[in-house]
Amino acid sequence: AQTVTQSQPEMSVQEAETVTLSCTYDTSESNYYLFWYKQPPSRQMILVIRQEAYKQQNATENRFSVNFQKAAKSFSLKISDSQLGDTAMYFCAFMKHVAYSGAGSYQLTFGKGTKLSVIP
Amino acid sequence: NAGVMQNPRHLVRRRGQEARLRCSPMKGHSHVYWYRQLPEEGLKFMVYLQKENIIDESGMPKERFSAEFPKEGPSILRIQQVVRGDSAAYFCASSPLTGGNEQFFGPGTRLTVL
């Protein structure tokens, strides 16, 4: 079974500054996917960024980037130029790769989340 | 293209009643997932369905909980004889294909058991 650990229950950052949220995971799988989801006060789950484990290049989406260290099983999220709208819960999630439809489940395993507050 | 729809958004039940939560996946999506979020916790997987089939129900409690995704109509998560511990937010997600594709989440149903 997979586990995902987010060791920072709460963090804060000044507007326009940079913040890094940490995530570690444990798995025996060699091929998998990692995600960061954002949950604002509206509680809607929004995908922020996604990384395929077989790709060495770190994923980037505008102000969001990841530092994926496969050997260390670490997957941190960096938010640059923080904005007030970034205030939310952030969840790290793991999905194992399934070779073909019917061969397994695509369930997401989530960490407990990090509550990020952006301070004006 | 409408997103994943869930209804009701809020549901209040008394202990012992039944709760029915509905999820309409995005158009063209044939895979549905249900997750439960307890207060101050991350989402926990419950069940994964394709049309007319339960693929993985390893996260479902053994009793009182059931799910279906019929050929026509929304996916239903049913909780019989609800207890206070069932109070949570229940999220549905859908995806068009499998294997690492994004799961698109609905807004969730917040169930409160009195």
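The values are calculated or read from the model by the stated rules, or taken from the named source; none is laboratory data. These figures come from a predicted structure and were not determined experimentally. Cβ: placed from backbone, ideal geometry, glycine included. Neighbour counts: every protein chain shown.
Summary table
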| item | result |
| --- | --- |
| Region A:52-75: number of residues that are surrounded by 15 or more Cβ atoms within 10 Å (Cβ to Cβ), within 13 Å of another protein chain (Cβ to nearest Cβ) and within 28 Å of B:GLN6 (Cβ to Cβ) | 0 |
| Residue list for region A:72-91, restricted to those being of a type in the set (Val, Ile, Thr) and closer than 13 Å to A:PRO41 by Cβ | A:THR87 |
| Boolean, B:LEU77 is within 14 Å of chain A (Cβ to nearest Cβ), buried (at least 16 other Cβ atoms within 10 Å of the Cβ) and either touching a strand residue (DSSP E or B) at 6+ places or on another chain (Cβ under 9 Å) or at pLDDT below 90 (or both) | no |
| Condition met for A:SER28 (small (Gly, Ala, Ser) and exposed (fewer than 15 other Cβ atoms within 10 Å of the Cβ)) | yes |
| Test for B:PHE91: is it away from chain A (no Cβ under 14 Å), aromatic (Phe, Trp, Tyr) and crowded, with 21+ Cβ neighbours inside 10 Å | no |
| Number of positions in region A:34-48 that are buried (at least 21 other Cβ atoms within 10 Å of the Cβ) and in a loop (DSSP other than H, G, I, E, B) | 1 |
| Output for region B:38-70, where each listed residue is surrounded by 14 or more Cβ atoms within 10 Å (Cβ to Cβ) and over 23 Å from A:PHE94 (Cα atoms) | B:ARG64, B:PHE65, B:SER66, B:ALA67, B:GLU68, B:PHE69 |
| Residues that are part of a loop (DSSP other than H, G, I, E, B) and out of contact with any helix residue (DSSP H, G or I) (no Cβ under 7 Å at 6 or more places or on another chain), drawn from region A:5-29 | A:GLN6, A:SER7, A:GLN8, A:PRO9, A:ALA16, A:GLU17, A:THR18, A:SER22, A:CYS23, A:THR27, A:SER28, A:GLU29 |
| Yes/no for A:LYS78 being surrounded by fewer than 17 Cβ atoms within 10 Å (Cβ to Cβ) and at pLDDT 95 or above | yes |
| Matching entry among B:ARG9, B:ARG15 (being touching a strand residue (DSSP E or B) at 6+ places or on another chain (Cβ under 9 Å), over 19 Å from B:MET60 (Cα atoms), modelled with pLDDT of 90 or more and within 10 Å of chain A (Cβ to nearest Cβ)) | B:ARG9 |
| Count of region A:49-68 residues which are over 14 Å from A:TYR25 (Cβ atoms) and assigned to a loop (DSSP other than H, G, I, E, B) | 8 |
